[in-house]
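Trainee: This is the structure I want to talk about, given as structure tokens.
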Number of protein chains: 4
Amino acid sequence: MGNNLKHIGVLTSGGDAPGMNAAIRAVVRACTHYDLKVSGIHEGYQGLIDGNFQELDARAVAHIINRGGTMLKSARCMEFRSKEGREKAYEQAKKQGLDALVVIGGDGSFTGASLFSKEFDIPVVGIPGTIDNDIYGTDYTIGFDTALNTVVDAIDKIRDTATSHNRLFFIECMGRDAGFIALNAGIAGGATEILIPEDDKEVDDVVAKLKASRDAKKSSNIVLVAEGDQLGGDVFKLARDAGERLPGYDIRVSVLGHIQRGGSPTCSDRVLGSRLGVAAIEQLMSGHSGIMVGLRNDTVTTETLHDAITKKPGINRNLMHVAEIVSL
Amino acid sequence: MGNNLKHIGVLTSGGDAPGMNAAIRAVVRACTHYDLKVSGIHEGYQGLIDGNFQELDARAVAHIINRGGTMLKSARCMEFRSKEGREKAYEQAKKQGLDALVVIGGDGSFTGASLFSKEFDIPVVGIPGTIDNDIYGTDYTIGFDTALNTVVDAIDKIRDTATSHNRLFFIECMGRDAGFIALNAGIAGGATEILIPEDDKEVDDVVAKLKASRDAKKSSNIVLVAEGDQLGGDVFKLARDAGERLPGYDIRVSVLGHIQRGGSPTCSDRVLGSRLGVAAIEQLMSGHSGIMVGLRNDTVTTETLHDAITKKPGINRNLMHVAEIVSL
Amino acid sequence: MGNNLKHIGVLTSGGDAPGMNAAIRAVVRACTHYDLKVSGIHEGYQGLIDGNFQELDARAVAHIINRGGTMLKSARCMEFRSKEGREKAYEQAKKQGLDALVVIGGDGSFTGASLFSKEFDIPVVGIPGTIDNDIYGTDYTIGFDTALNTVVDAIDKIRDTATSHNRLFFIECMGRDAGFIALNAGIAGGATEILIPEDDKEVDDVVAKLKASRDAKKSSNIVLVAEGDQLGGDVFKLARDAGERLPGYDIRVSVLGHIQRGGSPTCSDRVLGSRLGVAAIEQLMSGHSGIMVGLRNDTVTTETLHDAITKKPGINRNLMHVAEIVSL
Amino acid sequence: MGNNLKHIGVLTSGGDAPGMNAAIRAVVRACTHYDLKVSGIHEGYQGLIDGNFQELDARAVAHIINRGGTMLKSARCMEFRSKEGREKAYEQAKKQGLDALVVIGGDGSFTGASLFSKEFDIPVVGIPGTIDNDIYGTDYTIGFDTALNTVVDAIDKIRDTATSHNRLFFIECMGRDAGFIALNAGIAGGATEILIPEDDKEVDDVVAKLKASRDAKKSSNIVLVAEGDQLGGDVFKLARDAGERLPGYDIRVSVLGHIQRGGSPTCSDRVLGSRLGVAAIEQLMSGHSGIMVGLRNDTVTTETLHDAITKKPGINRNLMHVAEIVSL
């Protein structure tokens, strides 16, 4: 039962994502609303182990909803992957008087959260925060929408120069294991071809598409490649391989890199972070643990942390179909 | 049966919305893909009546996906509201050899589309394009997400100056009949109070909330008001009425206005427009008419035009609950 | 001589402007660099009178260069306009051990600064911070470039919807006494006509220009009006007056309002703030007082505060000539 | 005398830059204003050789001022570097009835323009369009301000994630021969260290600065490197070399790449393009040739093409001094 909840800790873990601050803010203000004490834990699980705590009130989270990154800082923590590390964390949590924990992060962070919630008597609720959107049990993860718009904005800019010079660009965006960013941003950016890990396209397919595009008299072409797509190993090699079969093309490569992790969160990511932050506290108050809060069909839902990390959200086939048609 | 479809017309009608160009582009390229002739009809139903047609191919819609507005232009057309007007339109359509019509617009446009599809033997499919999100049968309308981000960006800017001067701002955003924009943008913009037509808040409530906010030592306050909220008649009167009961506040009013209709569409609106544009053609090919294509739970769905315009999408109660908490 | 300088105060006064934070940061870090103690004074001259001081070090101004507004807050202060008020301020300054003062603000703020520097033995240097660019002795004031880009971005958005509907928009931007914002943003936004206080255009001129524009088959028209332009009293009246003589036009009005004061500062405003902040400290160290630092021809210069506020920077006639030609 | 001018050609050459469209538009509308015929020449000098001309009127350049890239497309042309190539171009120009030529581009383009103007009796005026700002005779080149803001926006985004993880980033921006972009954007982005070709910093200096920064307890660090800075060969090698001497740092590298060439131009670049476009036509009308129009101290000036390309604009020493201080 969550009735004896008095003191909640919140941390961000793994890669930061725009909108995490909105979630922190919502967690804190929900605690204020329900008369709970709340502590921000700095630098993820390492801060939990080290006792790097800071009590937060509603004003302490003012003016952060519009900021990228995470005010609590994040880190990957090797120590927490071991039983010993998690024991230290538990002792610290007890010492600080924590009754429950909210973990904002991606699948790596949830793996630790899931173990911790099973091993010890401290309830844990996860909030999906990662730009990759690769968490099962929620339509969207916090940060995904912002990253999409950053990628599309970059493609728009590159399109300007691509068109001015009739060039072919290979652009690499994030998505080590999942093509969600590439597929959506590729459609929105007007990419001629999109390469994602979920698909099995060959260099031949890319070359064929670009030849068709030339026949269709496209003046510029963008091939958007998710970093996790194994085709040819990396985007530079892919560009070279394709280039060899496409004489006469003026080819350039651009790796978008870390700009995709930052930036002021979009409306959608702020609202999502706000909703899930409130929901996390309400789930804890209802006595739940070992779960993740998510949004499905515009409704707050829950999923076990175990399922969230072991099941894979499928790529939307309709999107792949649409991508094929609108790139004509 | 849609098997004899050969020539499709597409028009945009009513208020323009960012992402309409993505939908036009998808309609045109889907027609290319399925070997259909497609004509763009300029300036909405008026262009249908006047025969203001332009045949489009895949290249004709290049470089528009990133642009606000509609390349086909839009208009409100009184003549089409009469049976005589629609008869003229039908005759023109026959003269031009149109087999089907795609109408991108809001509820006013769909009313005409619904009547037209019932009165004549030209199949019609609607695509919901309006920043207001007030169409039944789709989670989102094209343009809504872009408008939200425009409003949030404006609030962020106003927040800078509000905080620098410890001011209280009353900001009016669009939403004549629906509070979707205000509710989402208000949460994302960190508004202290949000006034929407679906709610029944009084000036007293606003004043009480602002007094509580002062007690909580908020340094700046934003009250976001949907233009359709009848409280006090208009935002200037509301600001005056509230101001009289809030001595010592430095109050300003800002009406965001038409910037909310424009701007390069967000990733989400471009993808939505692309998906619905393709879906509209595929629905026509399947022999459907008198329907609207929409997106529910990330899946393309359909709704009768009749239901789309007569049923009202409900405001999300969870959002109102979250707004209350995160504004502490 | 400034050799005995040990403790410097810095405040922002009047309307806030994006880039003020860059200037504060530069003042503080220049003090760190030159081994001076520096105090931020909150809420302008009122804070000086009340002793609302905060000692600042290099880290205290981290992560502010990209933020609009002013971390020291600003205010207009009636009390400082009187001799008695300034005497209180002087006593407070002595009590706090201030040796010199940096005032970031516009002409109202400089009037007080000029008097204060003459009446008392505390050296004062001004930094021009105002979006209006209406200060003599500098090519640009801090915040002007950001405001210009905000206005242009708004015009671009409105252009989308204006073009989609073949509309005529009257847009009001800031500039109570000076047309710098309107003239530059009007050229950049492609305005058909620009109305500024420095000019003497009549409604007849506007109407004539719009008729010529119609003859030239422009599909949309923007008339950009500086708020200080007295033509017809206000932008709504102007739109009505012009509309009466322009039958058939679909006319809308948009008042851009306070969004023009906020937003993350542009590169140019951040660099300007940084340069002038450093220069202000170096001028104080060289023993100067009663002056403003500015930038002319990409070189840091100084001007007496008296001249800065009594002389008027002239509107650039070449810009007016260019505006006339490119609006064809 | 330019009195017999009747037909002017305009082309863009070399790397494209945001604001080139504003210059094209101004050239065209100035021609309209002065009753001159004007032809746009596609794809730079190659289009001049091949006769790829398009007559333009005021409406043909509508709705381009806000767009990146160049509507006339650009290219580098090997053939024009030879006397034979330029002779072909001259014959084509005569055939098309060209009386004068406006060349919008950077130093490579001006080299050709200078030779052409000396070898043949067709007057040529250059407009400096390049993001690098490395042209003598103008304070700013068209595209520089937009590129600066793109770089600063990227740094802001990377700063979010850098701060969240206490990371050190090496970011490479454009500037093969000149550090103008790096120096300005580095100050505005709050870079700890800035490496430019004009400077002679060693890896030791970078390491020393970063150690001082660590001592000063900076939570994140950005080193901004102009691509032309030869230190260590490339930014990845530099990061590795510095990293070896900075144990404990979590280091990342980001190469901003081609996003820096695109994007909607800033207000400043649009105004600059508009002014220089009008000025170019007026210079031709006054009978000048072999010159470049530029802006110095907010005044339109001219410089011989020869000087524009052989003299080097100096880096601003005050900026380097300011960069040193504000990065504390």
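The values are calculated or read from the model by the stated rules, or taken from the named source; none is laboratory data. Values in this document were obtained by computation on a predicted structure and should not be read as measured data. Here Cβ is always computed from backbone atoms with ideal geometry, including for glycine, and neighbour counts include all displayed protein chains.
Trainee: Could you list, in sequence order, the residues of region A:182-218 that are loosely packed, with under 15 Cβ neighbours inside 10 Å and away from chain B (no Cβ under 14 Å)?
Mentor: A:200, A:202, A:204, A:205, A:208, A:211, listed by residue number.
Trainee: Give region C:43-63 a look and list any residue that's outside any helix (DSSP H, G or I) and under 16 Å from residue C:88 (Cα atoms), or say none.
Mentor: The initial filter retains those residues of region C:43-63 that are outside any helix (DSSP H, G or I), namely C:43, C:51-57, C:62-63.
The answer is C:43, C:51, C:52, C:53.
Trainee: Quick one: in region D:42-58, of everything that is surrounded by 22 or more Cβ atoms within 10 Å (Cβ to Cβ) and over 24 Å from the mean Cα position of the chain (by Cα), which residue is farthest from the other protein chains (Cβ to nearest Cβ)?
Mentor: At the first step, the residues of region D:42-58 found to be surrounded by 22 or more Cβ atoms within 10 Å (Cβ to Cβ) are D:43-49, D:56.
Imposing the further condition that a residue be over 24 Å from the mean Cα position of the chain (by Cα) reduces the set to D:49, D:56.
Numbers: D:49: 17, D:56: 12 Å.
Going through the qualifying residues, I end up with D:49.
Trainee: Which of the residues that make up region B:155-185 are of a type outside the set (Val, Ile, Thr), touching a residue at least 60 places away in the same chain (Cβ under 8 Å) and within 26 Å of residue B:108 (Cβ to Cβ)?
Mentor: Across region B:155-185, the qualifying residues are B:172, B:173, B:174, B:178, B:179, B:180, B:183, B:184.
Trainee: Continuing with this model, one more query. Just to be sure before I move on: is residue A:324 within 11 Å of chain B (Cβ to nearest Cβ), of a type in the set (Asp, Glu) and closer than 20 Å to residue A:185 by Cβ in the structure I sent?
Mentor: For residue A:324, the condition - within 11 Å of chain B (Cβ to nearest Cβ), of a type in the set (Asp, Glu) and closer than 20 Å to residue A:185 by Cβ - is met.
Trainee: Still on this structure: Could you run through region C:299-328 and say how many residues are in contact (Cβ under 8 Å) with a residue 40 or more places away in the chain and of a type in the set (Asp, Glu)?
Mentor: Total satisfying the criteria: 2.
Trainee: Based on what the data block shows, is residue A:39 more than 25 Å from residue B:187 (Cβ to Cβ), hydroxyl-bearing (Ser, Thr, Tyr) and either more than 9 Å from every other protein chain (Cβ to nearest Cβ) or within 24 Å of the chain's Cα centre (by Cα) (or both)?
Mentor: So residue A:39 fails the test.
Trainee: Kindly provide the set of residues from region C:296-309 that are within 8 Å of residue C:137 (Cα to Cα) and among the hydrophobic types (A, V, I, L, M, F, W, C), ordered by number.
Mentor: Within region C:296-309, C:308 is the sole residue that qualifies.
Trainee: What strands (runs of 3 or more DSSP E) completely inside region D:205-314 contain at least 2 residues that are more than 19 Å from residue D:159 (Cα to Cα)?
Mentor: Counting at least 2 such residues, we get D:291-296, D:299-304.
Trainee: When you look at residue B:268, is it more than 10 Å from chain C (Cβ to nearest Cβ), crowded, with 24+ Cβ neighbours inside 10 Å and over 19 Å from residue B:11 (Cβ atoms), yes or no?
Mentor: On the way: more than 10 Å from chain C (Cβ to nearest Cβ): yes; crowded, with 24+ Cβ neighbours inside 10 Å: yes; over 19 Å from residue B:11 (Cβ atoms): yes.
Judged against the criteria, residue B:268 is a match.
Trainee: Still on this structure, please answer the following. If residue D:248 satisfies every condition in (1) within 14 Å of chain A (Cβ to nearest Cβ); (2) touching a Leu at 6+ places or on another chain (Cβ under 6 Å); (3) free of Cβ contacts under 8 Å to residues at least 12 places away in the same chain but one, which is the exception?
Mentor: (2)
Trainee: Hey, another quick one. Against the condition aliphatic (A, V, I, L, M), away from chain C (no Cβ under 12 Å), touching a residue at least 24 places away in the same chain (Cβ under 8 Å) and surrounded by fewer than 24 Cβ atoms within 10 Å (Cβ to Cβ), how does residue B:26 come out, does it pass?
Mentor: no
Trainee: Turning to a different aspect of this structure: Could you check, for region C:110-122, whether at least one of its residues is modelled with pLDDT of 95 or more, among the hydroxyl-bearing types (Ser, Thr, Tyr), in contact with a helix residue (DSSP H, G or I) (Cβ under 6 Å, 6 or more places away or on another chain) and crowded, with 17+ Cβ neighbours inside 10 Å?
Mentor: yes
Trainee: Any residue at all in region A:253-265 that's closer than 21 Å to residue B:323 by Cβ and of a type outside the set (Ser, Thr, Tyr)?
Mentor: Within region A:253-265, one or more residues are closer than 21 Å to residue B:323 by Cβ and of a type outside the set (Ser, Thr, Tyr).
Trainee: Identify, by number, the condition in (1) in contact with a Gly (Cβ under 6 Å, 6 or more places away or on another chain); (2) at pLDDT below 95 that residue D:248 doesn't meet.
Mentor: Among (1) in contact with a Gly (Cβ under 6 Å, 6 or more places away or on another chain); (2) at pLDDT below 95, the lone unmet condition for residue D:248 is (1).
Trainee: Additional query: What pairs can you find where one residue is in region D:74-85 and under 17 Å from residue A:166 (Cβ atoms), the other is modelled with pLDDT of 95 or more and not in a helix (DSSP H, G or I), and their Cβ atoms are less than 6 Å apart, with a gap of 6+ or different chains?
Mentor: Filtered contacts from region D:74-85: D:74/D:12; D:74/D:13; D:74/D:16; D:75/D:43.
Trainee: Name the pairs: first residue in region A:219-233 and within 9 Å of residue A:195 (Cα to Cα) and buried (at least 23 other Cβ atoms within 10 Å of the Cβ), second residue of a type in the set (D, E, K, R) and at pLDDT 80 or above, Cβ to Cβ under 6 Å, at least 6 apart or on different chains?
Mentor: Taking only residues 6 or more apart or on different chains, the pairs are A:223/A:193; A:225/A:172.
Trainee: Hey, any hits in region D:305-319 for a residue that's under 29 Å from residue D:98 (Cβ atoms), facing another protein chain (nearest Cβ under 9 Å) and not small (Gly, Ala, Ser)?
Mentor: no
Trainee: Inside region B:65-85, can you point out the residues that are farther than 14 Å from residue B:143 by Cα, touching a Ser or Thr at 6+ places or on another chain (Cβ under 9 Å), of a type in the set (A, V, I, L, M, F, W, C) and within 14 Å of chain C (Cβ to nearest Cβ)?
Mentor: Of everything in region B:65-85, those that are farther than 14 Å from residue B:143 by Cα, touching a Ser or Thr at 6+ places or on another chain (Cβ under 9 Å), of a type in the set (A, V, I, L, M, F, W, C) and within 14 Å of chain C (Cβ to nearest Cβ) turn out to be B:71, B:72, B:75, B:77.
Trainee: Right, something else. Specify the residue that is surrounded by the fewest Cβ atoms within 10 Å (Cβ to Cβ); the eligible residues are those in region D:167-181 that are away from chain C (no Cβ under 12 Å) and over 19 Å from residue D:240 (Cα atoms).
Mentor: By that ranking, first place goes to D:176.
Trainee: Right, here's the next one. Of these, B:278, B:300, B:253, which one is touching a helix residue (DSSP H, G or I) at 6+ places or on another chain (Cβ under 9 Å), buried (at least 24 other Cβ atoms within 10 Å of the Cβ) and β-branched (Val, Ile, Thr)? It would help to see each step written out before you state the result.
Mentor: Details: B:300 fails: buried (at least 24 other Cβ atoms within 10 Å of the Cβ); B:253 fails: buried (at least 24 other Cβ atoms within 10 Å of the Cβ).
Matching residue, one of B:278, B:300, B:253: B:278.
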